[in-house]
Amino acid sequence: NLTNPYYVMLLQGIESRAAEKGFGIFVCNTQRDLKMEERYLKMIPGMNPQGLIYMCNPSQCFMDRVEELSKRIPVVVVNNQNEKLNVDVVDLDNSKLGRLMARHLLELGHRDVGYIAPPLTVRQKQRSKRVEGFLKEFQKAGLDGHVVIKAADEQMDKDIPGIDSEYRIGYDLTKELLWEHPELTAIVGLNDMIAFGIMDALHDAKYKVPGDMSVMGCDNTLFAKVKEVSLTTIEHFVIYKGMDACD
């Protein structure tokens with residue numbers, strides 16, 4: 001879903017490496033919609049490409065088709081290793097990302113923290129791993145039960161997302177958290193887009209960031225660096241993941 005700058009950065013890495021090597025790129029933006037994904041998969045053989053990069057995990061129902069394609073052309077998935085799919089993967093230790101985020105907040109003295117995530121579906125296993133890593137770090141610090149996990153409804157991944165779907169998750173679920181858990185001193189977004197929604201919800205509720213509430217994201221997208229935003233975020237070199245996939 002190219003409305004999230006993470007995927008634009010990933011694409012930038014793929015395209016820059018491809019151009020270096022004399023290849024061109026066709027982008028198929030599925031918007032996480034099954035019908036769109038199927039349509040593009042059907043088009044691939046007719047386009048006769050020299051390789052295929054999946055910028056997210058293939059849907060469960062298309063695993064066989066993707067594996068069949070991988071017997072004819074190189075196929076790489078950028079996300080997380082799926083034991084059921086026998087193709088090459090550019091993987092990331094999402095559990096470690098979660099641990100880094102938790103450690104940073106613990107070092108700042110936070111004890112009661114909210115964590116907002118998109119739907120924690122089987123397909124998007126990397127989301128759950130990031131949350132698990134975060135929780136484990138708090139458990140290690142003897143603060144089991146001090147993290148409130150707020151995940152969006154699974155339907156969000158089944159519908160075609162709106163242009164601001166992840167931002168909207170951050171915004172709406174922060175409003176709920178503030179109402180239900182006034183003791184929180186920090187709220188974490190699974191990614192930067194969610195964190196931007198968190199910040200705006202806090203602003204509208206008259207909270208000062210970071211004075212009244214700390215906010216943290218992950219991906220280090222372009223907007224995180226904007227002075228008025230200045231979001232604390234985790235850098236995991238998204239552009240290099242794209243280059244690795246292309247290599």
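Size descriptor for the stretch 1-111, Kirkwood hydrodynamic radius: 15.9 Å (Cα pairs only, one decimal).
Take the stretch 1-101 with all the other protein chains still there, run a 1.4 Å probe, and you get 55 Å² of accessible area per residue. Cα-based radius of gyration for the chain, normalised by 2.2 N^0.38 Å, reads 1.06. For the stretch 81-148, applying the loop criterion from DSSP together with a ceiling of 10 other beta carbons within 10 Å to the GluC sites (Glu not before Pro) yields 83.
Modelled spin-label separation between residue 93 and residue 48, with each label point placed 7 Å from Cα along the Cα-to-Cβ direction: 4.4 nm.
Remark: the residue 229-residue 181 segment gains 14.8 nm on full extension, using 0.36 nm per residue and subtracting the alpha carbon distance.
Using the Cβ-Cβ distance between residue 64 and residue 2 with R0 set to 22 Å, the FRET efficiency works out to roughly 0.25. Surface composition of the stretch 181-247: carbon and sulfur atoms hold 57% of the protein heavy-atom accessible area at a 1.4 Å probe. For the cross-link pairs 35/129; 35/241; 136/241; 35/227; 84/175; 206/241, the ones whose C-alpha atoms lie over 30 Å apart are 35/227; 84/175; 206/241. Roll a 1.4 angstrom probe over the protein heavy atoms and tell me the percent of accessible area of the stretch 1-111 that is carbon or sulfur. Looking at the stretch 1-111 in its full context, I get 51 percent from C and S. Suppose R0 equals 41 Å. What FRET efficiency, 1/(1 + (r/R0)^6) with r the Cβ-Cβ distance, do residue 148 and residue 34 give to the nearest 0.05? With R0 = 41 Å, the Cβ-Cβ based efficiency is 0.85. Rounded to whole numbers, the Karplus 3J(HN,Hα) couplings from phi for the stretch 192-198 are 4, 4, 5, 4, 5, x, 4 Hz, using 6.51 cos²θ - 1.76 cosθ + 1.60 with θ = phi - 60°, and x at Gly and Pro. Counting pairs of Cα atoms in the stretch 91-147, how many percent are more than 14 Å apart? The calculated P(r) of the stretch 91-147 puts 51 percent of pairs beyond 14 Å.
Given 28, 209, 106, which one lies farthest toward the positive end of the charge dipole of the chain, if we put +1 on the Cβ of every Lys and Arg and -1 on the Cβ of every Asp and Glu? In the chain, that residue is 28. Were the residues from residue 204 through residue 239 laid out at 0.36 nm apart, the gain over their Cα-Cα distance would be 9.3 nm.
Taking a sphere under 15 Å around the Cβ of residue 102 and counting the other residues whose Cβ falls inside, with K and R at +1 and D and E at -1, yields a net charge of +2. Computed over protein heavy atoms with a 1.4 Å probe, the accessible surface of the stretch 156-247 works out to 51 Å² per residue. Once every Cα of the stretch 132-247 carries one equal point scatterer and solvent is ignored, give the base-10 log of I(q)/I(0) from the Debye formula at q = 0.14, 0.23 Å⁻¹, two decimals. The computed values of log10 I(q)/I(0) come out as -0.66, -1.38. Here the 3J(HN,Hα) profile of the stretch 176-190, calculated from phi with Karplus coefficients 6.51, -1.76 and 1.60 at θ = phi - 60°, is 5, 4, 4, 6, 7, 9, x, 6, 5, 10, 8, 10, 10, x, 4 Hz, Gly and Pro shown as x.
Ranking 32, 72 by solvent-accessible area of protein heavy atoms (1.4 Å probe, all protein chains present), from largest to smallest, gives 72, 32.
The values are calculated or read from the model by the stated rules, or taken from the named source; none is laboratory data. Please read all numbers here as calculations on a predicted model, not as lab measurements. As a convention, Cβ positions derive from the backbone with ideal geometry for all residues, glycine included, and neighbour counts pool all protein chains shown. The accessibility values were calculated without ligands, DNA or RNA, using every heavy atom of the protein model including side chains. Shrake-Rupley method; radii C 1.70, N 1.55, O 1.52, S 1.80 Å.
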